[in-house]
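All remarks here apply to the structure that follows.
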Amino acid sequence: MKLLLDTNVFLWVSREPKLLSPRVTELLQDPFNERYVSVATVWEMQIKHSLGKLPLPGKADLVAQAWMRPLVAKSLPIDMRHLRTLYELPFNHRDPFDRMLLAQAMSDDMMILSADEVLGQYSVPVIW
């Protein structure tokens, strides 16, 4: 199963794993699941860090790489097919980073791990 971590899940698994649901924890611990962190997540982290809303122990890209290692998570780049899917998404969710995650999950046949209930309004499996 391919799992795309929403920013909240990526931050919690790396900093406060007790905030994760039991189901998300179980899926992340299953060695047969593939774990992905989108470049959009790292971009969001950097913006929030720059605005003083997200303290990080360094640059977001280096922090994300360090946090991805123990998860055995892969980086998911943004490409043109993700943008094509993004153009077709209804505006149920206004957050541009979450919209990109939705487009990536749809394009790459992934499930999203997230506590964001609005993501459930799309045709992507969202697990919390």
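Each row is one residue, and each column tells you yes or no for (1) of a type outside the set (G, A, S); (2) under 14 Å from the mean Cα position of the chain (by Cα); (3) surrounded by 12 or more Cβ atoms within 10 Å (Cβ to Cβ).
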| position | (1), (2), (3) |
| --- | --- |
| M1 | yes, no, yes |
| L11 | yes, yes, yes |
| P22 | yes, no, no |
| A40 | no, yes, yes |
| L54 | yes, no, yes |
| S75 | no, yes, yes |
| I78 | yes, yes, yes |
| L83 | yes, no, yes |
| L89 | yes, no, yes |
Can you confirm whether the range 28-38 contains a residue that is farther than 23 Å from R99 by Cβ and not in a loop (DSSP other than H, G, I, E, B)?
yes
Across the range 42-61, the tally of residues that are in a helix (DSSP H, G or I) and either of a type outside the set (A, V, I, L, M) or in contact (Cβ under 8 Å) with a residue 60 or more places away in the chain (or both) stands at 7
Test set (1) crowded, with 17+ Cβ neighbours inside 10 Å; (2) aromatic (F, W, Y); (3) more than 16 Å from V126 (Cβ to Cβ) - Y36 fails condition number:
(3)
Would you check which residues across the range 107-128 are assigned to a helix (DSSP H, G or I), out of contact with any helix residue (DSSP H, G or I) (no Cβ under 7 Å at 6 or more places or on another chain) and either touching a residue at least 24 places away in the same chain (Cβ under 8 Å) or surrounded by 14 or more Cβ atoms within 10 Å (Cβ to Cβ) (or both) and list them?
V118, G120, Q121
So which residues in the range 62-80 are over 26 Å from F32 (Cα atoms) and either touching a residue at least 24 places away in the same chain (Cβ under 8 Å) or not hydrophobic (A, V, I, L, M, F, W, C) (or both)?
none
Search result, residues across the range 86-106 that are at pLDDT 95 or above and either within 17 Å of R35 (Cβ to Cβ) or in a loop (DSSP other than H, G, I, E, B) (or both):
L101, Q104, A105
Look at S50 and say whether it is among the hydroxyl-bearing types (S, T, Y), closer than 27 Å to K18 by Cβ and either at pLDDT 95 or above or in contact with a Ser or Thr (Cβ under 7 Å, 6 or more places away or on another chain) (or both).
no
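The values are calculated or read from the model by the stated rules, or taken from the named source; none is laboratory data. None of these values were measured; they are calculated from a predicted model. Cβ sites come from the backbone with ideal geometry, for glycine too, and all protein chains shown count toward neighbours.
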